[in-house]
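K.L.:
Dropping the structure in here first, questions after.
The values are calculated or read from the model by the stated rules, or taken from the named source; none is laboratory data. In this text, all values refer to a predicted model and were calculated from it rather than measured experimentally. Note: ideal-geometry Cβ built from the backbone for every residue, glycine included; neighbour counts use all protein chains shown.
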Amino acid sequence: MRVLGILGSPRPFGGSSQLLRCALLGAQEEGLETALFSVYGGEIRPCQGCIQDEEPNCKYPCIFEDYGKKLITEIYHAEAIIFATPIYWYGPSGQLKNLIDRLTCLENMVAYGEPSYMEGKVVGIITVGADAGLTLTGGYLLTALNAMGAIIPPWAHAYSRRADHALEDSRAVMDAINVGLLVAGLAKILRGQKGTISYRDDANLRERIRLKILKEKEEFEAQHDQK
């Protein structure tokens, strides 16, 4: 089984990325394969609303031949997805919003007599920013994805106000790790395997994962400074 991390930030090691990486390492603790993709890795054209046509043309894998189609295909093949985004005016980044809109092609398979292709996928959310935008964005993403058929585990939303210093936010790091643990645990249960869906408060696990991400961040920044 595979847990996919979708980063909605242009910063490879900003706060959203830091916590998303914590979540993916949490999923690995449950024995699941993980992969991380950024929505800024290529063009994601805005949805043009095929679902509104009299003859619905909105279906997987979408009409556009772009990076968005690649991400939609990755999501289609994943059992679980964790989305992470900074707050842009009380909502997700524009690139991530484009991708969410484009996921309609998975949900709208119901118009062709099939289940939604998002049905049964487990999702988690990470938001980094300020004030009410943290919860508004998390709530929006969870609502939209659940409306597409995705399943939400307990403790599915982690957030921090610490921006690029999210790794210093111990509660947020532990919450993000639990997003990964619980997304993976529920995905296993849904597929007949043994999994847990209880919050885990483990300081040793938190520090082990935090130090690993911090080392990766430092290595990335060192390589970036040399260029």
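K.L.:
Of these, Val123, Val110, which one is of a type in the set (Val, Ile, Thr) and either farther than 30 Å from Thr196 by Cα or part of a helix (DSSP H, G or I) (or both)?
P.N.:
Working: Val123 fails: either farther than 30 Å from Thr196 by Cα or part of a helix (DSSP H, G or I) (or both).
Unique residue meeting the criteria: Val110.
K.L.:
Among the residues of the stretch 175-208, count how many are touching a residue at least 12 places away in the same chain (Cβ under 8 Å) and touching a helix residue (DSSP H, G or I) at 6+ places or on another chain (Cβ under 7 Å).
P.N.:
Total meeting the criteria: 16.
K.L.:
Considering the stretch 109-130 alone, what residues qualify as being surrounded by fewer than 22 Cβ atoms within 10 Å (Cβ to Cβ) and touching a residue at least 24 places away in the same chain (Cβ under 8 Å)?
P.N.:
Listed by number, the residues that qualify are Met109, Ala111, Tyr112, Pro115, Ser116, Glu119, Gly120, Ala130.
K.L.:
Mind listing whichever residues of the stretch 1-36 are basic (Lys, Arg) and in contact with a His (Cβ under 9 Å, 6 or more places away or on another chain)?
P.N.:
Arg2, the sole residue that qualifies.
K.L.:
Out of the stretch 77-127, which residues are of a type in the set (S, T, N, Q) and either modelled with pLDDT of 95 or more or closer than 16 Å to Leu141 by Cβ (or both)?
P.N.:
Taking the stretch 77-127 first, the residues of a type in the set (S, T, N, Q) are 85, 93, 95, 98, 104, 108, 116, 127.
The answer is Thr85, Ser93, Gln95, Asn98, Thr104, Ser116, Thr127.
K.L.:
Continuing with the same structure: Outside any helix (DSSP H, G or I), surrounded by fewer than 19 Cβ atoms within 10 Å (Cβ to Cβ), of a type in the set (Asp, Glu) and under 20 Å from the mean Cα position of the chain (by Cα): is that true of Glu43 in this structure?
P.N.:
The answer is yes for Glu43.
K.L.:
Tally time: how many residues in the stretch 147-170 are assigned to a helix (DSSP H, G or I), in contact with a strand residue (DSSP E or B) (Cβ under 8 Å, 6 or more places away or on another chain) and either among the acidic types (Asp, Glu) or without any contact (Cβ under 8 Å) to a residue 24 or more places away in the chain (or both)?
P.N.:
0
K.L.:
To continue, here is another question. Which of (1) of a type in the set (S, T, N, Q); (2) surrounded by 24 or more Cβ atoms within 10 Å (Cβ to Cβ); (3) over 21 Å from Cys22 (Cα atoms) is the odd one out, the single condition Thr85 does not satisfy?
P.N.:
Single failed check for Thr85: (3).
K.L.:
Pairs please, first residue from the stretch 78-100 and of a type in the set (Lys, Arg), second anywhere and surrounded by fewer than 24 Cβ atoms within 10 Å (Cβ to Cβ), Cβ atoms under 9 Å, 6+ apart in sequence or on different chains.
P.N.:
Close Cβ pairs (under 9 Å, with a partner that is surrounded by fewer than 24 Cβ atoms within 10 Å (Cβ to Cβ)) amount to Lys97/Pro46; Lys97/Tyr88; Lys97/Gly91.
K.L.:
From Leu190, Leu167, Leu182, Leu205, which residue is more than 17 Å from Gly15 (Cα to Cα) and crowded, with 21+ Cβ neighbours inside 10 Å?
P.N.:
That would be Leu182, the only listed residue that is more than 17 Å from Gly15 (Cα to Cα) and crowded, with 21+ Cβ neighbours inside 10 Å.
K.L.:
Can you tell me which condition Gly138 does not meet? The list is (1) within 21 Å of Gly31 (Cβ to Cβ); (2) without any contact (Cβ under 8 Å) to a residue 24 or more places away in the chain, and all the others hold.
P.N.:
(1)
K.L.:
Here are Glu33, Glu55: which of them is at pLDDT 95 or above, surrounded by fewer than 16 Cβ atoms within 10 Å (Cβ to Cβ) and not aromatic (Phe, Trp, Tyr)?
P.N.:
On inspection, the qualifying residue turns out to be Glu33.
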